[in-house]
Amino acid sequence: MSDLPAPRISDLARADGARTDYMSGLNAEQRRAVEATEGPVLVLAGAGTGKTRVLTTRLAHILANGRAKPWELLAVTFTNKAAREMRERIAALIGPGQAEGLRWVGTFHSVAAQILRRHAELVGLKSTYTILDADDQERLVKQLIEVENIDAKRWTPRHMSGLIDQWKNRGWGPEKVPASESAHFAEGKGGKIYQMYQERLRVLNACDFGDLLLHNLTISATHADVLAEYHSRFRYILVDEYQDTNTAQYLWLRLLAQGRHNVCCVGDDDQSIYGWRGAEVDNILRFERDFPGAEVIRLERNYRSTEHILAAASGLIAANKGRLGKTLWTDEKGGQKVQVRGVWDGEAESRMIADEIERARRAGRKYSDIAILVRASFQMRAFEERFV
(Lines give C-alpha, C1' and ligand atoms only; values in the text may rest on other atoms or scores of the structure.)
Protein backbone atom coordinates (compact mmCIF):
# COMPACT_ATOMS: atom_id res chain seq x y z
CA MET A 1 0.00 0.00 0.00
CA SER A 2 1.27 3.45 -0.91
CA ASP A 3 1.35 6.18 1.74
CA LEU A 4 1.07 8.88 -0.90
CA PRO A 5 -2.03 11.11 -0.62
CA ALA A 6 -4.79 10.69 -3.18
CA PRO A 7 -4.39 13.05 -6.15
CA ARG A 8 -6.34 16.30 -5.88
CA ILE A 9 -8.98 16.67 -8.54
CA SER A 10 -9.45 20.20 -9.77
CA ASP A 11 -10.44 19.45 -13.35
CA LEU A 12 -14.18 18.89 -13.52
CA ALA A 13 -15.87 17.02 -16.37
CA ARG A 14 -19.31 18.49 -16.96
CA ALA A 15 -22.31 16.51 -18.12
CA ASP A 16 -22.18 18.31 -21.48
CA GLY A 17 -18.61 17.11 -22.09
CA ALA A 18 -16.89 20.41 -21.32
CA ARG A 19 -14.13 20.53 -18.73
CA THR A 20 -13.34 23.30 -16.30
CA ASP A 21 -10.53 23.86 -13.80
CA TYR A 22 -12.72 25.15 -11.02
CA MET A 23 -9.74 25.83 -8.72
CA SER A 24 -8.09 28.35 -11.02
CA GLY A 25 -7.85 31.85 -9.59
CA LEU A 26 -8.42 30.87 -5.95
CA ASN A 27 -6.01 32.33 -3.40
CA ALA A 28 -4.41 30.10 -0.75
CA GLU A 29 -7.07 30.69 1.93
CA GLN A 30 -9.94 30.23 -0.52
CA ARG A 31 -8.41 26.96 -1.76
CA ARG A 32 -8.00 25.76 1.81
CA ALA A 33 -11.66 26.49 2.53
CA VAL A 34 -12.71 24.59 -0.60
CA GLU A 35 -10.56 21.54 0.12
CA ALA A 36 -11.33 21.19 3.87
CA THR A 37 -14.35 18.98 3.18
CA GLU A 38 -14.34 16.64 6.18
CA GLY A 39 -15.53 17.69 9.62
CA PRO A 40 -16.86 21.03 10.85
CA VAL A 41 -15.44 24.15 9.19
CA LEU A 42 -16.06 27.82 9.96
CA VAL A 43 -15.06 30.23 7.20
CA LEU A 44 -14.77 33.79 8.49
CA ALA A 45 -15.22 35.75 5.29
CA GLY A 46 -14.74 39.49 5.43
CA ALA A 47 -16.56 41.80 3.03
CA GLY A 48 -15.42 41.42 -0.58
CA THR A 49 -13.27 38.33 0.04
CA GLY A 50 -15.05 36.01 -2.42
CA LYS A 51 -17.18 33.96 -0.04
CA THR A 52 -19.82 33.10 -2.65
CA ARG A 53 -17.14 31.73 -4.93
CA VAL A 54 -15.77 29.65 -2.08
CA LEU A 55 -19.21 28.20 -1.32
CA THR A 56 -20.01 27.27 -4.91
CA THR A 57 -16.51 25.95 -5.64
CA ARG A 58 -16.65 23.87 -2.48
CA LEU A 59 -19.87 22.24 -3.71
CA ALA A 60 -18.27 21.58 -7.11
CA HIS A 61 -15.19 20.11 -5.40
CA ILE A 62 -17.30 17.70 -3.34
CA LEU A 63 -19.10 16.55 -6.48
CA ALA A 64 -15.91 16.33 -8.59
CA ASN A 65 -14.26 14.08 -6.02
CA GLY A 66 -17.28 11.79 -5.80
CA ARG A 67 -17.83 12.50 -2.12
CA ALA A 68 -21.58 13.04 -2.61
CA LYS A 69 -24.33 13.13 -5.20
CA PRO A 70 -26.04 16.46 -5.94
CA TRP A 71 -29.14 15.48 -3.94
CA GLU A 72 -26.99 14.65 -0.90
CA LEU A 73 -25.89 18.27 -0.45
CA LEU A 74 -27.77 20.76 1.72
CA ALA A 75 -26.90 24.42 1.11
CA VAL A 76 -28.95 27.14 2.78
CA THR A 77 -28.85 30.90 2.49
CA PHE A 78 -31.10 33.82 3.42
CA THR A 79 -32.54 35.17 0.19
CA ASN A 80 -33.97 33.68 -2.99
CA LYS A 81 -31.57 35.87 -4.96
CA ALA A 82 -28.54 34.40 -3.17
CA ALA A 83 -29.85 30.86 -3.63
CA ARG A 84 -30.49 31.49 -7.33
CA GLU A 85 -27.00 32.95 -7.80
CA MET A 86 -25.49 29.92 -6.07
CA ARG A 87 -27.37 27.54 -8.37
CA GLU A 88 -26.32 29.49 -11.47
CA ARG A 89 -22.65 29.48 -10.47
CA ILE A 90 -22.71 25.75 -9.71
CA ALA A 91 -24.43 25.06 -13.05
CA ALA A 92 -21.63 26.98 -14.81
CA LEU A 93 -19.11 24.64 -13.17
CA ILE A 94 -20.82 21.25 -13.35
CA GLY A 95 -23.33 21.80 -16.17
CA PRO A 96 -27.08 22.54 -16.05
CA GLY A 97 -28.09 18.87 -16.20
CA GLN A 98 -26.25 17.83 -13.07
CA ALA A 99 -27.19 21.06 -11.30
CA GLU A 100 -30.86 20.06 -11.54
CA GLY A 101 -30.05 17.34 -9.01
CA LEU A 102 -29.30 19.99 -6.37
CA ARG A 103 -32.70 19.59 -4.72
CA TRP A 104 -31.67 21.03 -1.37
CA VAL A 105 -30.11 24.36 -2.33
CA GLY A 106 -32.33 27.23 -1.21
CA THR A 107 -33.35 29.56 1.59
CA PHE A 108 -33.92 28.34 5.14
CA HIS A 109 -37.66 28.62 4.67
CA SER A 110 -37.82 26.92 1.26
CA VAL A 111 -35.80 23.92 2.45
CA ALA A 112 -37.77 23.71 5.70
CA ALA A 113 -41.02 23.85 3.68
CA GLN A 114 -39.87 20.91 1.52
CA ILE A 115 -39.17 18.80 4.59
CA LEU A 116 -42.43 19.82 6.25
CA ARG A 117 -44.44 18.80 3.15
CA ARG A 118 -43.09 15.27 3.57
CA HIS A 119 -43.87 15.01 7.30
CA ALA A 120 -46.75 17.45 7.85
CA GLU A 121 -48.98 14.86 9.53
CA LEU A 122 -46.48 14.59 12.42
CA VAL A 123 -47.44 18.13 13.52
CA GLY A 124 -51.16 17.86 12.77
CA LEU A 125 -51.11 19.23 9.22
CA LYS A 126 -51.71 17.83 5.75
CA SER A 127 -49.08 18.04 3.01
CA THR A 128 -51.33 20.50 1.16
CA TYR A 129 -50.96 23.13 3.91
CA THR A 130 -50.95 26.81 2.96
CA ILE A 131 -48.53 29.46 4.20
CA LEU A 132 -50.01 32.67 5.59
CA ASP A 133 -48.41 36.00 4.76
CA ALA A 134 -48.09 38.86 7.27
CA ASP A 135 -51.51 40.34 6.42
CA ASP A 136 -53.27 36.99 6.84
CA GLN A 137 -51.47 36.50 10.12
CA GLU A 138 -52.65 39.85 11.47
CA ARG A 139 -56.25 39.21 10.37
CA LEU A 140 -56.30 35.90 12.21
CA VAL A 141 -54.78 37.42 15.34
CA LYS A 142 -57.36 40.23 15.20
CA GLN A 143 -60.19 37.67 15.23
CA LEU A 144 -58.71 35.98 18.31
CA ILE A 145 -58.25 39.30 20.10
CA GLU A 146 -61.93 40.09 19.51
CA VAL A 147 -62.96 36.65 20.83
CA GLU A 148 -61.05 37.39 24.05
CA ASN A 149 -62.61 40.89 24.34
CA ILE A 150 -59.20 42.56 24.28
CA ASP A 151 -59.02 46.22 23.28
CA ALA A 152 -57.54 45.97 19.75
CA LYS A 153 -56.63 49.65 19.72
CA ARG A 154 -54.51 49.38 22.82
CA TRP A 155 -53.23 45.87 22.13
CA THR A 156 -52.92 45.77 18.36
CA PRO A 157 -52.87 42.63 16.19
CA ARG A 158 -49.58 43.86 14.70
CA HIS A 159 -48.01 43.96 18.15
CA MET A 160 -49.20 40.43 18.93
CA SER A 161 -48.10 39.13 15.51
CA GLY A 162 -44.67 40.59 16.14
CA LEU A 163 -44.43 38.83 19.49
CA ILE A 164 -45.42 35.51 17.91
CA ASP A 165 -42.69 35.96 15.28
CA GLN A 166 -40.13 36.71 18.00
CA TRP A 167 -41.11 33.63 19.98
CA LYS A 168 -40.93 31.39 16.93
CA ASN A 169 -37.53 32.85 15.99
CA ARG A 170 -36.36 31.73 19.43
CA GLY A 171 -37.73 28.25 18.83
CA TRP A 172 -40.56 28.64 21.35
CA GLY A 173 -43.90 26.96 20.86
CA PRO A 174 -46.81 28.16 23.05
CA GLU A 175 -45.85 25.74 25.82
CA LYS A 176 -42.32 27.19 26.07
CA VAL A 177 -43.14 30.89 26.30
CA PRO A 178 -42.15 32.14 29.79
CA ALA A 179 -44.77 34.01 31.79
CA SER A 180 -42.53 37.08 31.74
CA GLU A 181 -42.73 37.08 27.93
CA SER A 182 -46.48 36.45 27.61
CA ALA A 183 -47.02 39.36 30.01
CA HIS A 184 -45.97 41.71 27.20
CA PHE A 185 -49.48 41.52 25.73
CA ALA A 186 -52.85 42.32 27.34
CA GLU A 187 -51.84 41.81 30.95
CA GLY A 188 -50.48 38.32 30.40
CA LYS A 189 -52.86 37.02 27.73
CA GLY A 190 -50.15 36.78 25.07
CA GLY A 191 -49.46 33.12 25.76
CA LYS A 192 -53.16 32.23 25.49
CA ILE A 193 -53.56 34.12 22.22
CA TYR A 194 -50.49 32.31 20.85
CA GLN A 195 -51.96 28.93 21.85
CA MET A 196 -55.31 29.79 20.22
CA TYR A 197 -53.49 31.05 17.12
CA GLN A 198 -51.61 27.76 16.67
CA GLU A 199 -54.77 25.71 17.18
CA ARG A 200 -56.60 27.82 14.61
CA LEU A 201 -53.77 27.34 12.09
CA ARG A 202 -54.09 23.56 12.42
CA VAL A 203 -57.85 23.75 11.80
CA LEU A 204 -57.16 25.82 8.66
CA ASN A 205 -54.34 23.44 7.59
CA ALA A 206 -52.03 26.44 7.50
CA CYS A 207 -48.83 27.78 8.99
CA ASP A 208 -46.88 31.02 8.94
CA PHE A 209 -43.22 31.45 7.98
CA GLY A 210 -42.06 31.00 11.56
CA ASP A 211 -43.82 27.63 11.71
CA LEU A 212 -41.74 26.23 8.85
CA LEU A 213 -38.69 26.04 11.11
CA LEU A 214 -40.58 25.57 14.37
CA HIS A 215 -42.41 22.50 13.04
CA ASN A 216 -39.11 21.14 11.70
CA LEU A 217 -37.64 21.50 15.19
CA THR A 218 -40.61 19.69 16.71
CA ILE A 219 -40.39 16.84 14.20
CA SER A 220 -36.62 16.44 14.67
CA ALA A 221 -36.88 16.51 18.47
CA THR A 222 -39.77 14.04 18.75
CA HIS A 223 -39.17 11.62 15.87
CA ALA A 224 -35.66 10.21 15.97
CA ASP A 225 -36.31 8.06 12.88
CA VAL A 226 -37.08 11.13 10.75
CA LEU A 227 -33.99 12.96 12.00
CA ALA A 228 -31.89 9.86 11.26
CA GLU A 229 -33.27 9.85 7.72
CA TYR A 230 -31.91 13.35 7.09
CA HIS A 231 -28.62 12.54 8.82
CA SER A 232 -28.25 9.79 6.24
CA ARG A 233 -29.48 11.94 3.35
CA PHE A 234 -27.30 15.04 3.86
CA ARG A 235 -23.64 14.10 3.55
CA TYR A 236 -22.54 17.73 3.54
CA ILE A 237 -24.20 20.87 4.91
CA LEU A 238 -23.22 24.40 3.84
CA VAL A 239 -24.58 27.57 5.39
CA ASP A 240 -24.22 31.10 4.04
CA GLU A 241 -24.39 34.30 6.18
CA TYR A 242 -24.19 32.27 9.37
CA GLN A 243 -23.91 35.44 11.49
CA ASP A 244 -27.53 36.26 10.60
CA THR A 245 -29.10 33.01 11.82
CA ASN A 246 -31.68 33.24 14.56
CA THR A 247 -32.07 30.75 17.40
CA ALA A 248 -34.58 28.52 15.56
CA GLN A 249 -32.36 28.32 12.47
CA TYR A 250 -29.33 27.62 14.64
CA LEU A 251 -31.06 24.81 16.55
CA TRP A 252 -32.34 23.24 13.32
CA LEU A 253 -28.91 23.30 11.67
CA ARG A 254 -27.23 21.89 14.77
CA LEU A 255 -29.67 18.96 14.84
CA LEU A 256 -29.07 18.18 11.15
CA ALA A 257 -25.29 18.45 11.52
CA GLN A 258 -25.14 15.94 14.38
CA GLY A 259 -25.24 13.09 11.88
CA ARG A 260 -21.98 13.41 9.93
CA HIS A 261 -20.51 16.65 11.33
CA ASN A 262 -19.60 17.69 7.77
CA VAL A 263 -20.95 21.22 8.22
CA CYS A 264 -19.36 24.32 6.72
CA CYS A 265 -20.64 27.69 7.88
CA VAL A 266 -19.56 30.87 6.11
CA GLY A 267 -20.11 34.21 7.80
CA ASP A 268 -18.66 37.38 9.21
CA ASP A 269 -19.06 38.26 12.88
CA ASP A 270 -18.37 41.91 11.95
CA GLN A 271 -21.38 42.08 9.61
CA SER A 272 -24.22 40.97 11.85
CA ILE A 273 -26.84 43.71 11.47
CA TYR A 274 -30.14 41.83 11.87
CA GLY A 275 -30.44 41.62 15.64
CA TRP A 276 -33.75 43.48 15.36
CA ARG A 277 -35.26 40.49 13.54
CA GLY A 278 -33.86 37.81 15.81
CA ALA A 279 -30.34 37.21 14.46
CA GLU A 280 -27.89 35.97 17.11
CA VAL A 281 -24.24 36.77 16.39
CA ASP A 282 -23.37 34.45 19.31
CA ASN A 283 -24.19 31.54 16.99
CA ILE A 284 -21.01 32.16 15.02
CA LEU A 285 -18.96 33.01 18.12
CA ARG A 286 -19.71 29.62 19.75
CA PHE A 287 -19.22 27.50 16.61
CA GLU A 288 -16.01 25.93 17.95
CA ARG A 289 -17.77 25.03 21.19
CA ASP A 290 -20.72 23.48 19.33
CA PHE A 291 -18.42 21.52 17.02
CA PRO A 292 -15.23 20.52 18.87
CA GLY A 293 -12.21 20.23 16.63
CA ALA A 294 -13.68 22.63 14.07
CA GLU A 295 -11.28 24.19 11.58
CA VAL A 296 -11.48 27.99 11.37
CA ILE A 297 -10.35 29.58 8.08
CA ARG A 298 -10.14 33.35 7.64
CA LEU A 299 -10.64 34.97 4.24
CA GLU A 300 -8.91 38.31 4.68
CA ARG A 301 -7.88 39.36 1.19
CA ASN A 302 -10.39 41.94 -0.04
CA TYR A 303 -11.03 42.30 -3.77
CA ARG A 304 -13.57 45.11 -3.58
CA SER A 305 -12.09 48.10 -1.76
CA THR A 306 -8.96 50.21 -1.67
CA GLU A 307 -6.35 50.36 1.07
CA HIS A 308 -7.72 53.53 2.68
CA ILE A 309 -11.28 52.18 2.82
CA LEU A 310 -10.13 48.98 4.54
CA ALA A 311 -7.92 50.85 6.99
CA ALA A 312 -10.81 53.09 8.05
CA ALA A 313 -13.23 50.16 8.41
CA SER A 314 -10.71 48.01 10.30
CA GLY A 315 -9.96 50.87 12.69
CA LEU A 316 -13.63 51.08 13.64
CA ILE A 317 -14.29 47.34 13.78
CA ALA A 318 -11.25 46.70 16.00
CA ALA A 319 -13.13 48.33 18.88
CA ASN A 320 -16.08 45.92 18.59
CA LYS A 321 -16.66 43.44 21.39
CA GLY A 322 -17.69 39.85 20.75
CA ARG A 323 -15.73 39.11 17.57
CA LEU A 324 -13.36 36.36 16.51
CA GLY A 325 -10.98 38.78 14.84
CA LYS A 326 -9.47 39.17 11.38
CA THR A 327 -7.64 41.86 9.43
CA LEU A 328 -8.64 42.61 5.85
CA TRP A 329 -5.97 43.60 3.33
CA THR A 330 -5.80 44.37 -0.38
CA ASP A 331 -3.37 44.80 -3.25
CA GLU A 332 -5.24 47.97 -4.24
CA LYS A 333 -2.86 50.46 -2.67
CA GLY A 334 -3.82 54.04 -1.93
CA GLY A 335 -7.10 55.29 -3.34
CA GLN A 336 -9.18 58.21 -2.15
CA LYS A 337 -9.15 58.82 1.58
CA VAL A 338 -12.29 58.62 3.67
CA GLN A 339 -13.75 61.98 4.67
CA VAL A 340 -15.63 62.31 7.95
CA ARG A 341 -17.81 65.40 8.36
CA GLY A 342 -20.11 66.40 11.19
CA VAL A 343 -23.42 68.20 10.63
CA TRP A 344 -26.17 69.40 12.96
CA ASP A 345 -29.13 67.68 11.36
CA GLY A 346 -30.60 66.20 8.19
CA GLU A 347 -31.22 69.62 6.67
CA ALA A 348 -27.58 70.64 7.11
CA GLU A 349 -26.48 67.30 5.69
CA SER A 350 -28.64 67.66 2.58
CA ARG A 351 -27.36 71.22 2.04
CA MET A 352 -23.74 70.03 2.27
CA ILE A 353 -24.35 67.15 -0.15
CA ALA A 354 -26.20 69.42 -2.60
CA ASP A 355 -23.26 71.85 -2.61
CA GLU A 356 -20.89 68.92 -3.25
CA ILE A 357 -23.02 67.78 -6.21
CA GLU A 358 -23.07 71.29 -7.67
CA ARG A 359 -19.27 71.45 -7.49
CA ALA A 360 -19.10 68.13 -9.32
CA ARG A 361 -21.54 69.47 -11.94
CA ARG A 362 -19.37 72.50 -12.58
CA ALA A 363 -16.39 70.16 -13.00
CA GLY A 364 -18.19 68.34 -15.82
CA ARG A 365 -19.92 65.49 -14.00
CA LYS A 366 -23.46 64.43 -14.90
CA TYR A 367 -26.20 64.00 -12.33
CA SER A 368 -26.45 60.38 -13.48
CA ASP A 369 -22.84 59.83 -12.33
CA ILE A 370 -23.81 60.48 -8.70
CA ALA A 371 -25.48 58.22 -6.14
CA ILE A 372 -26.58 58.92 -2.58
CA LEU A 373 -26.82 56.00 -0.18
CA VAL A 374 -28.78 56.23 3.08
CA ARG A 375 -29.49 53.72 5.83
CA ALA A 376 -33.27 54.26 5.97
CA SER A 377 -35.77 55.67 3.48
CA PHE A 378 -37.02 58.39 5.86
CA GLN A 379 -33.60 60.06 5.51
CA MET A 380 -34.32 60.77 1.83
CA ARG A 381 -36.99 63.38 2.64
CA ALA A 382 -34.46 66.14 3.45
CA PHE A 383 -32.55 65.41 0.22
CA GLU A 384 -35.71 65.45 -1.90
CA GLU A 385 -36.81 68.80 -0.47
CA ARG A 386 -33.36 70.29 -0.97
CA PHE A 387 -33.09 69.10 -4.57
CA VAL A 388 -36.55 70.42 -5.44
Requested in this report: Treat every Asp and Glu Cβ in the chain as -1 and every Lys and Arg Cβ as +1, leave all other atoms uncharged, and give the resulting dipole magnitude about the Cα centre to the nearest 20 debye.
Outcome: 520
**Report entry** Diffusion constant of the range 20-145 at 20 °C, which comes from Stokes-Einstein with the Kirkwood Cα-pair radius and 1.002 mPa s, µm²/s
**Finding:** 127
Report task. For Asp244, Asp270, Asp331, give the ranking by accessible area with the largest first, probe 1.4 Å. Result -> Asp331, Asp270, Asp244
Report task. Tell me the Kirkwood hydrodynamic radius of the range 168-227 in angstroms, computed as one over the mean inverse distance between distinct C-alpha pairs. Result -> 12.5
Query raised in the report: Over all distinct alpha-carbon pairs, what is the Kirkwood Rh of the range 268-388 in angstrom?
Result: 18.2
Query - For Trp329, residues with placed amide H under 5 Å, excluding near neighbours - result: Arg301, Asn302
Requested in this report: Run the 1.4 Å probe and let me know the accessible area of Lys192, rounded to the nearest 10 Å².
Outcome: 110
Query raised in the report: Per-residue HN-Hα couplings for the range 195-212, Karplus 6.51 cos²θ - 1.76 cosθ + 1.60 at θ = phi - 60°, whole Hz, x for Gly and Pro?
Result: 4, 5, 4, 5, 5, 5, 4, 5, 4, 7, 6, 9, 8, 9, 5, x, 5, 4
Report summary line: Here D for the range 228-307, in µm²/s, from Stokes-Einstein with a Kirkwood Rh over Cα pairs at 37 °C and 0.692 mPa s, works out to 238
Query raised in the report: Where only protein heavy atoms count, and the probe is 1.4 Å, what is the accessible area per residue for the chain in Å²?
Result: 54
Query - Three semi-axes of the equivalent ellipsoid, the range 43-104, Cα gyration tensor, whole Å, largest first - result: 19, 13, 11
Report summary line: If amide H atoms are modeled at 1.01 Å from N in the peptide plane, then the residues at a separation of 5 or more from Leu238, or on another chain, having amide H under 5 Å from its own are Leu74, Ala75, Val76, Cys264
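Carbon and sulfur atoms: what percent of the 1.4 Å accessible area of the range 96-212 do they account for?
50
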Report summary line: A correct Karplus calculation of ³J(HN,Hα) over the range 227-240, with 6.51 cos²θ - 1.76 cosθ + 1.60, θ = phi - 60°, whole Hz and x for Gly and Pro, returns 4, 4, 4, 7, 4, 6, 5, 8, 6, 9, 10, 10, 10, 9
Report task. Measure up Lys142/Lys189; Lys81/Lys333; Lys153/Lys192; Lys153/Lys176 against 22 Å on the Cα-Cα distance and list the ones that go over. Result -> Lys81/Lys333; Lys153/Lys176
Requested in this report: Would you kindly derive the ³J(HN,Hα) couplings of the range 74-80 from the backbone phi angles with the Karplus curve 6.51 cos²θ - 1.76 cosθ + 1.60 (θ = phi - 60°), listing them in order in whole Hz, with x for Gly and Pro?
Outcome: 10, 10, 10, 9, 9, 10, 4
Report task. Would you calculate a helix-derived [θ] at 222 nm for the chain, using -39,500 (n - 2.57) for each DSSP H run of n ≥ 4 and dividing by the full residue count, to the nearest 500? Result -> -13500 deg cm²/dmol
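The values are calculated or read from the model by the stated rules, or taken from the named source; none is laboratory data. Quick caveat: nothing in here was measured; it's all calculated off a predicted structure. Counting neighbours? That spans all protein chains shown, and the Cβs are built from the backbone with ideal geometry, glycine included. For accessibility, only protein heavy atoms count, side chains too; no ligands or nucleic acids. Shrake-Rupley method; radii C 1.70, N 1.55, O 1.52, S 1.80 Å.
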